[in-house]
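Q: A single structure is presented below for examination.
The values are calculated or read from the model by the stated rules, or taken from the named source; none is laboratory data. These numbers were taken from a predicted model, which means no experiment stands behind them. Virtual Cβ from ideal backbone geometry, glycine too; neighbours counted across all protein chains shown.
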Amino acid sequence: MTDKDLDDRALPPARVEAPPPSRDLLKAVEGMKPVRTRTRFGALAAVALAGLIAPSAVLARHVYRPDLGALPVGWVIAAAALWAGAFALALTAALVPRRGDVLPAPGRASRAGGAALVGLLAFTALATVQVPGVSLRPADAHLTLLQSCVHCASFVLEIALPFLLVGLFALRRLVPMGRARVGLALGAAGGAAGGLVIHFICPFAGTAHVVLGHAGGAVLAAAAGAALLPTLLRR
Amino acid sequence: MTATVALRLSTGEPHPRAGAAVRLAVAATAAPVYLLARWRAVDPEASEAAEVMGRYCRGDGAAFHRLYALLAPRLAAYLFGLLRDKAAAEDALQLTFLKVHEARATYVMGANPIPWMYTIAHRTALDELRKRRRNRVQLTKEGTLPAEPAADLTGISAESAESEAARPDPATTAGARAALERLPENQRLALILTKVHGRSTAEAAMIAGTTPGAIKQRAHRAYVTLRGLLRPEPRKEPS
């Protein structure tokens, strides 16, 4: 049996006779006024501007990491560009619909968010740089690795929270399906923004700390977004 | 390599990889042209829907009626495919258009509203199905059991209904429809969206809230399952 046979025999019709609009619907339409519609990049601009207030304030007021001057300039810039790129990629995929679409695509959002997280994990695992004698280890501050990771991951989550909240507001009527996937991308974007800030201020430069505390924080933020967005958007 | 092939061709001596090089050159030229044509291709129905939706957002009441006439038959068929109950599908259709009306400020001017409206219809149907699962036995307002389920929709127009020859064999169709009903929910949905309603895999993925790869896989599995269900059983030879 060919696919054509199956289509002819099994598939239901594509159109059926629809009932006329109900009285409630006609009543709602009768009194309607012109509305101001959305733009493709409006939500992105709003969430980015509102979410970036906290990271900017932290960077303006916080003391930078002690080994910043000793680290290779190229590496510092490349790492910052990667965190910023992951932030931009995930946030754009979560909030900007494709050209000609009304809604952001959940599949594309989760793929972009996942790719951003994998990129960050790989970079931090393979290309973290420290300057012996200048970069600190958690033990130098009388902390265990776990304590230092929890501290940094919670900081990343704090930075990610405004992105999630403003993003939630921007998406409140926009994502009927695939909310967890969009939430994942939004959380990953917030986590990447947190990772970018912490890249400049965290004094600990060990690979394990950076992978678990910084990139791990971004992963936790993405998981929080995936868990929170469907629940909160339903309310 | 292309230059070498051309040189060899001009001397009349065929290059051993000449065929592959020509195919590569043709593909390299055709691919951007095809992609550009696809990018520029405008679906007339989508552009009409976008134009009507734009007027609707600007407060034109007539545009609402045009939009309803354009999309209600399709959305009704889609909702019926999901809910399998005519009355529930009609209620869900009205609710879908009410939601579209309330959410029209979220529309992006110039965008194709059809996948967006399918997504809203899909969500409405899922809410209805969830409600049904919660209330396994639905009583009427008077506290009695509801009447018999509404009759099935045929989708056959009055004109074609008149010509008996145009009708498929009812027994075969009923068997095939029953097989479709037996498909897992997500496979049936992928098949209905892509094959019946002609949505692209990207659009179907957006409507169902999943990835295009998952939609392709589900539609393929649906075909495999349907084929298995509809395969005629081998006749037993009398011993």
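Q: Using the structure shown, decide if B:T119 is facing chain A (nearest Cβ under 7 Å) and in contact with a strand residue (DSSP E or B) (Cβ under 7 Å, 6 or more places away or on another chain).
A: Values: facing chain A (nearest Cβ under 7 Å): yes; in contact with a strand residue (DSSP E or B) (Cβ under 7 Å, 6 or more places away or on another chain): no.
Considered against the rule, which asks whether it is facing chain A (nearest Cβ under 7 Å) and in contact with a strand residue (DSSP E or B) (Cβ under 7 Å, 6 or more places away or on another chain), B:T119 comes out as no.
Q: I've got another one for you. Which numbered condition trips up A:A46, out of (1) of a type outside the set (D, E); (2) touching a residue at least 60 places away in the same chain (Cβ under 8 Å); (3) assigned to a loop (DSSP other than H, G, I, E, B)?
A: Failing condition for A:A46: (3).
Q: When you look at B:L75, is it assigned to a helix (DSSP H, G or I) and touching a residue at least 40 places away in the same chain (Cβ under 8 Å), yes or no? Working first, answer last.
A: Details: assigned to a helix (DSSP H, G or I): yes; touching a residue at least 40 places away in the same chain (Cβ under 8 Å): yes.
Yes, satisfied.
Q: State all residues of the stretch A:11-44 that are more than 7 Å from chain B (Cβ to nearest Cβ) and closer than 30 Å to B:A176 by Cα; if no residue qualifies, say none.
A: none
Q: Continuing with this model, one more query. Provide a single number: the residues in the stretch B:72-85 that are in contact with a Pro (Cβ under 9 Å, 6 or more places away or on another chain) and at the interface with chain A (Cβ under 9 Å from one of its Cβ atoms).
A: Of the residues in that region, 5 qualify.
Q: A:S154 versus (1) part of a helix (DSSP H, G or I); (2) within 14 Å of another protein chain (Cβ to nearest Cβ); (3) touching a residue at least 24 places away in the same chain (Cβ under 8 Å); (4) surrounded by fewer than 18 Cβ atoms within 10 Å (Cβ to Cβ): which is the lone unmet condition?
A: Result: A:S154 passes all but (2).
Q: Among the candidates B:E203, B:E162, single out the residue that is of a type in the set (D, E), outside the structural domain of B:L75 (by TED's automatic domain parsing) and either at pLDDT 60 or above or buried (at least 18 other Cβ atoms within 10 Å of the Cβ) (or both).
A: On the way: B:E162 fails: either at pLDDT 60 or above or buried (at least 18 other Cβ atoms within 10 Å of the Cβ) (or both).
Of the residues listed, the single one that is of a type in the set (D, E), outside the structural domain of B:L75 (by TED's automatic domain parsing) and either at pLDDT 60 or above or buried (at least 18 other Cβ atoms within 10 Å of the Cβ) (or both) is B:E203.
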